[in-house]
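Quick notes on the structure that follows.
The values are calculated or read from the model by the stated rules, or taken from the named source; none is laboratory data. Computed from a predicted structure; not experimentally measured. Cβ atoms come from the backbone with ideal geometry, glycine included; neighbour counts cover every protein chain shown.
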Amino acid sequence: MANKKNHKSALKENKGVSQPEITNNNSISKLKGKRETQPSANDLINGILKGDITALSRAITLVESKNTKHLEKANTIINACLSKANQSIRIGITGVPGVGKSTFIEAFGKHLTGLGKKVAVLAIDPSSTITKGSILGDKTRMEDLVKDKNAFIRPSASGDSLGGVARKTRETIILCEAAGFDTIIIETVGVGQSEVAVHSMVDFFLLLKLAGAGDELQGIKRGIIEMADAIVINKADGDNIKPAKLAQVEFNRALHFYPLKNSEWQPKVSICSALQNEGITDVWKMICDYETLTKQNNHFDLKRNEQNKFWLIQTIEEQLKSDFFKRSEIKKELKNQLKLIEKNKTTPFIAAEILLKL
């Protein structure tokens with residue numbers, strides 16, 4: 001019995017060590033205050049115009065937010081930055097997954113910063129249609145470029161609306177240009193209609209291809225070829241050099257069947273190895289030649305004006321769609337019509353007509 005009385009339970013709770021007074025009160029309250037304090041629109045505008053990356057990142061976050069207050073603040077910042085924008089070349093880069101977009105952009109970006117350029121990379125990551133999440137891993141794939149003080153990489157989730165991501169990307173371009181970036185690279189997800197959206201917001205559209213992937217002839221039939229200002233065959237190294245040169249000849253032949261673009265630019269085909277850093281200089285020279293030609297014949301400015309008109313209409317359509325589905329009577333009637341469709345008591349077209357009449 002004596003042993004039982006002296007036995008101490010392992011479940012006994014010991015008194016914890018209290019934190020020093022200064023940690024509990026002063027430091028935590030200061031940190032809390034910092035977290036709650038958000039920079040004003042004027043602070044962010046001044047920061048962006050001075051080239052402050054932190055201010056730029058915070059402003060882009062506001063642009064991407066769905067919060068109404070954030071949207072108002074973002075619009076104030078964008079309007080203030082508009083006069084400092086448009087001083088850049090905007091390059092869209094697309095290609096199927098595995099073509100080496102990230103490796104190419106890193107090698108290309110490093111080449112440009114080496115020439116004294118300031119490069120902003122806006123990477124559109126696909127969002128899962130199931131979880132709605134995105135990996136946003138472009139920074140991890142461009143380890144050297146992300147450390148470059150003259151480069152800025154910003155991955156954005158595509159979400160479920162191409163129009164939505166396009167609007168965010170276009171406004172982000174304005175902010176990046178105002179921050180002093182003279183070369184804007186937009187990387188697409190490489191699937192579906194995203195190429196069309198990106199093509200409608202860039203000056204030069206570059207298509208990355210692989211040799212020996214069996215899509216030389218298939219690629220020629222696609223509408224994507226018509227949009228491309230240049231085709232670059234990547235991974236032209238080692239045993240791939242010969243197939244890459246053969247693919248270059250095939251694509252060059254095919255491109256001559258297409259009518260000359262309004263820009264008077266004849267799309268060109270180049271080969272490169274982003275991994276070996278070969279052929280990158282040729283790609284940049286091609287883009288410079290395009291810029292010189294289109295600025296001389298006024299197509300450069302004309303194209304940007306046409307894009308602005310296009311995005312005005314697109315924005316109106318997106319807003320009308322958003323406002324329509326937000327209405328309470330629409331939400332209620334939509335549920336009723338969906339149930340009727342499930343029971344085969346109506347058709348999608350009749351249901352749509354009823355909803356639109358509301």
Looking for whichever is surrounded by fewer than 17 Cβ atoms within 10 Å (Cβ to Cβ), at positive phi and in the same structural domain as Glu278 (by TED's automatic domain parsing) here; the options are Gly114, Gly98. Which one fits? Gly98
Of all residues in the range 293-327 being of a type in the set (D, E, K, R) and within 16 Å of Lys261 (Cα to Cα), which is surrounded by the most Cβ atoms within 10 Å (Cβ to Cβ)? Lys303
Can you work out which of the residues in the range 51-89 that are touching a residue at least 24 places away in the same chain (Cβ under 8 Å) and assigned to a loop (DSSP other than H, G, I, E, B) is surrounded by the most Cβ atoms within 10 Å (Cβ to Cβ)? Ser88
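Go over the candidates Lys235, Lys242, Lys221 one by one and state the one that is at pLDDT below 70, assigned by TED's automatic domain parsing to the domain that holds Arg90 and among the basic types (Lys, Arg).
Being at pLDDT below 70, assigned by TED's automatic domain parsing to the domain that holds Arg90 and among the basic types (Lys, Arg) holds for just one of Lys235, Lys242, Lys221, which is Lys221.
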Only one of Ser322, Ser263, Ser273 that is more than 25 Å from Ala197 (Cβ to Cβ) and among the hydroxyl-bearing types (Ser, Thr, Tyr): Ser273
Just to be sure I understand the filter: pairs with C-beta atoms under 9 Å, separated by 6 or more residues or on different chains, first member in the range 339-356 and on the phi < 0 side of the Ramachandran plot, second member outside any helix (DSSP H, G or I). Which pairs pass? Lys339/Lys345; Leu340/Thr346; Ile341/Thr347; Ile354/Thr346
